[in-house]
Amino acid sequence: MRQPLVMANWKMNGNSAANRELLKALQAEFARRGAEVSTKTSVICPPYPYLTQVAEMLQGSSMQLGAQDCSHSAPGAYTGEVAAPMLADLGCRWVVIGHSERRQYHQESDALVAAKLVAAQRADLMPVVCVGETLEQREAGEAEDVVASQLRGALADLPDLREVVVAYEPVWAIGTGQTATPELAQEMHSQIRDVLRELDENNAEGIRLLYGGSVKADNAASLFAMTDIDGALVGGASLDAEAFATIVAAA
Ligand code: 13P
């Protein structure tokens, strides 16, 4: 039985005052809804500078802390980078790795993503590795091959597949309002699980697969009804307390 997981990726949004307000509103929503949200695993991933603020505000709450990226290197002379053990030190239990925005704007390769996964596991963080095709790749009929190859590349060096989450985020669905249909997402998730079975027959069934890309309060339940959709990685809607709580409740 895979425990539902809903993650808020705030991306590069927020400031101290806005975060405080959003977290207060989230806590009020969570208190109002009780077990329908507190029994699900929910994770908030703010930008690095606000990790401490969010960690402090989440104390005593069922929501956990995550980061949006980490360095593949151990601490040392890497100006501007943030090492995985630093994130663990600040209270993070989760880290998103290989998001399409990192791949697109920071030229992150599968090899770099693989190294980051290893660094995250070494720091006892649960890595959430993102895969997904562009519209061009989907229209060329390459979606399944692209995702399978990203997955094989990312997981190549990982000693333990039990401690990983995979997020399928089709690039054409991110921030566009164009969600994948539940059927299309399920088809890809089922293929992802086939690849995971090839890599680790014993643990593939237990690995959580999240969907990401324009998940909203009104489409979450139909996505979560699919066999291999175990939760969501939420961008825009995670900046709205009521929408995010509704998505967590639907998981
Ligand atoms: P949106 O929910 O804004 O489409 O973003 C999805 C995403 O990239 C989450 O990581």
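Residue check: residue 135 meets all listed conditions (1) without any contact (Cβ under 8 Å) to a residue 40 or more places away in the chain; (2) closer than 18 Å to residue 232 by Cα; (3) within 16 Å of the ligand (Cβ to nearest atom) but one, namely (2). The residue of segment 156-169 that is farthest from the ligand (Cβ to nearest atom), among those that are more than 18 Å from residue 238 (Cα to Cα) and modelled with pLDDT of 95 or more, is 164.
May I ask you to say which residue of 153, 213, 177, 235 is more than 15 Å from the ligand (Cβ to nearest atom) and within 22 Å of residue 137 (Cβ to Cβ)?
Details: 213 fails: more than 15 Å from the ligand (Cβ to nearest atom); 177 fails: more than 15 Å from the ligand (Cβ to nearest atom); 235 fails: more than 15 Å from the ligand (Cβ to nearest atom).
Selected residue: 153, the only one of 153, 213, 177, 235 that is more than 15 Å from the ligand (Cβ to nearest atom) and within 22 Å of residue 137 (Cβ to Cβ).
Only one of the numbered conditions (1) in contact with a strand residue (DSSP E or B) (Cβ under 6 Å, 6 or more places away or on another chain); (2) small (Gly, Ala, Ser); (3) loosely packed, with under 15 Cβ neighbours inside 10 Å is not met by residue 212, and that is (3). Does residue 227 satisfy the condition of being in a loop (DSSP other than H, G, I, E, B), within 12 Å of the ligand (Cβ to nearest atom), surrounded by fewer than 17 Cβ atoms within 10 Å (Cβ to Cβ) and not small (Gly, Ala, Ser)? No: the conditions fail for residue 227.
When residue 1 is tested against the conditions (1) outside any helix (DSSP H, G or I); (2) within 16 Å of the ligand (Cβ to nearest atom), the lone failure is (2). For residue 205, the criteria (1) surrounded by 24 or more Cβ atoms within 10 Å (Cβ to Cβ); (2) more than 10 Å from the ligand (Cβ to nearest atom) hold in every case but one, which is (1).
The values are calculated or read from the model by the stated rules, or taken from the named source; none is laboratory data. In this text, all values refer to a predicted model and were calculated from it rather than measured experimentally. Here the Cβ is made from the backbone with ideal geometry for all residues, glycine too, and neighbour counts use every protein chain on show.
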